[in-house]
Amino acid sequence: MASEALSRPVAPAHPAWGRALRNPWLIATAALLVLVLYWTTSGSTPPAFVHLWNWLPALLRGLWVNIEISVLAVALGTVVGLMLGALSLSPTPGLRTIVRWYVQLFRNAPILVLIYFTTYVFPFEVKLVSWSFPFPDWIKVVLGLALPTSANVAEIFRGAIQSIPSAQWEAAQSLAFRRREIFRLIVLPQCVRRMLPPWMNLYASITMSTSLASLVGVHDVVDTAQIASNTVARTDFTILVYFTLLALFFAYCYPIARATRNLERRHERH
């Protein structure tokens with residue numbers, strides 16, 4: 001009995017403290033409370049934080065531009081990627097070869113190169129008969145980000161389809177299901193559940209890549225931070241504003257990462 005008691009793992013004395021130290025939201029809240037307490041006791045707010053407070057609405061509007069670009073790019077890339085993923089399973093060898101080369105090309109191409117490619121290849125305006133329509137830079141960035149998104153979604157969809165056990169296909173065929181019915185009723189519902197975690201990871205990655213949009217003239221959050229830094233012209237404010245950029249992207253992408261991890265754990269249990 002004594003040896004059994006000694007062999008049992010000892011539980012940590014304060015497991016709640018361990019969970020709290022691993023929670024970045026609690027750490028950020030504690031840091032904010034410390035700053036507020038410091039400002040309250042010192043009686044004055046540092047000038048860098050005053051400038052940051054004045055520029056914060058512009059930074060949030062710039063972040064909204066990044067979010068819009070990411071949502072449109074992932075939506076467009078998802079639609080194209082699902083079609084390409086279906087073609088990658090086609091019985092025609094030529095179609096499979098074309099899709100495979102497309103996927104390999106745009107999955108391994110640098111995103112910055114793709115953004116420059118779509119920016120300078122597509123015209124600045126589109127002429128239709130006697131009308132001219134502007135083709136803004138943010139749409140070109142959407143197209144540049146949609147290319148790798150479509151390639152990754154095609155690969156995710158193909159992998160999800162091929163992960164379905166062949167026994168389910170055979171069982172459905174023995175029950176006189178048609179191929180279209182097998183896809184719609186049996187295969188696709190399982191594929192959606194398996195595709196969702198990597199798709200969410202892909203969205204978070206594309207959202208972070210939208211920070212490259214400022215390099216081609218899009219007025220996003222990074223461009224706004226650069227303008228703010230040049231306008232205020234203080235080293236402490238420059239450091240603070242870029243730390244704020246990190247915090248904004250983290251606050252938007254971290255919940256997505258947590259939700260992805262929870263979905264993966266739920267999928268493992270089932």
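For region 186-219, a residue qualifies if it is farther than 16 Å from R158 by Cβ, open to solvent by 30 Å² or more (accessible area, probe 1.4 Å) and free of Cβ contacts under 8 Å to residues at least 40 places away in the same chain, and the qualifying residues are I186, P189, S205.
Applying a threshold of 9 Å to beta carbon distances and a minimum spacing of six or more residues, or different chains, the list of pairs starting in region 140-165 at a residue that is in a loop (DSSP other than H, G, I, E, B) and modelled with pLDDT under 95 and ending at one that is open to solvent by 10 Å² or more (accessible area, probe 1.4 Å) and of a type in the set (D, E, K, R) reads S163/R194; I164/R194. Scanning region 166-185 for residues being of a type in the set (A, V, I, L, M), part of a helix (DSSP H, G or I) and open to solvent by 40 Å² or more (accessible area, probe 1.4 Å) gives a total of 3.
Quick check on region 234-251. Is at least one of its residues of a type in the set (S, T, Y), over 16 Å from the mean Cα position of the chain (by Cα) and open to solvent by 60 Å² or more (accessible area, probe 1.4 Å)? Checked against the condition, which is being of a type in the set (S, T, Y), over 16 Å from the mean Cα position of the chain (by Cα) and open to solvent by 60 Å² or more (accessible area, probe 1.4 Å), region 234-251 yields at least one hit. Can you name every residue in region 207-223 that is more than 14 Å from F249 (Cα to Cα) and in a helix (DSSP H, G or I)? If the condition is that a residue be more than 14 Å from F249 (Cα to Cα) and in a helix (DSSP H, G or I), then A213, S214, L215, V216, D223 are the ones that fit.
For beta carbons closer than 6 Å, sequence separation of 6+ or different chains, a first residue in region 39-59 that is over 15 Å from T235 (Cβ atoms) and a second that is modelled with pLDDT under 75 and part of a helix (DSSP H, G or I), the qualifying pairs are T45/W39. Scan region 128-146 for residues that are open to solvent by 70 Å² or more (accessible area, probe 1.4 Å), of a type outside the set (F, W, Y) and in contact with an Asp or Glu (Cβ under 9 Å, 6 or more places away or on another chain) and the total you get is 1. Residues that are under 30 Å from L245 (Cα atoms) and open to solvent by 20 Å² or more (accessible area, probe 1.4 Å) within region 64-94 comprise W64, V65, I67, E68, V71, L72, A75, L76, T78, listed in sequence order. Please work out if A20 is modelled with pLDDT under 60, surrounded by 12 or more Cβ atoms within 10 Å (Cβ to Cβ), assigned to a helix (DSSP H, G or I) and touching a helix residue (DSSP H, G or I) at 6+ places or on another chain (Cβ under 8 Å). So A20 passes the test.
A single member of E125, E155 is acidic (D, E), open to solvent by 80 Å² or more (accessible area, probe 1.4 Å) and out of contact with any Cys (no Cβ under 9 Å at 6 or more places or on another chain), and it is E125. Here G85, G77, G81 are screened, and the one residue that is at pLDDT below 90, in contact with a helix residue (DSSP H, G or I) (Cβ under 7 Å, 6 or more places away or on another chain) and closer than 19 Å to L202 by Cα is G85. Scanning region 95-119 for residues that are surrounded by fewer than 11 Cβ atoms within 10 Å (Cβ to Cβ) and over 20 Å from the mean Cα position of the chain (by Cα) returns a single hit, W101. Taken over region 90-124, the residue count meeting the criterion of being under 15 Å from L145 (Cα atoms) and part of a helix (DSSP H, G or I) is 16.
The values are calculated or read from the model by the stated rules, or taken from the named source; none is laboratory data. These numbers were taken from a predicted model, which means no experiment stands behind them. Here Cβ is always computed from backbone atoms with ideal geometry, including for glycine, and neighbour counts include all displayed protein chains. Ligands, DNA and RNA are excluded from the accessible area calculation, which covers all protein heavy atoms including side chains. Shrake-Rupley method; radii C 1.70, N 1.55, O 1.52, S 1.80 Å.
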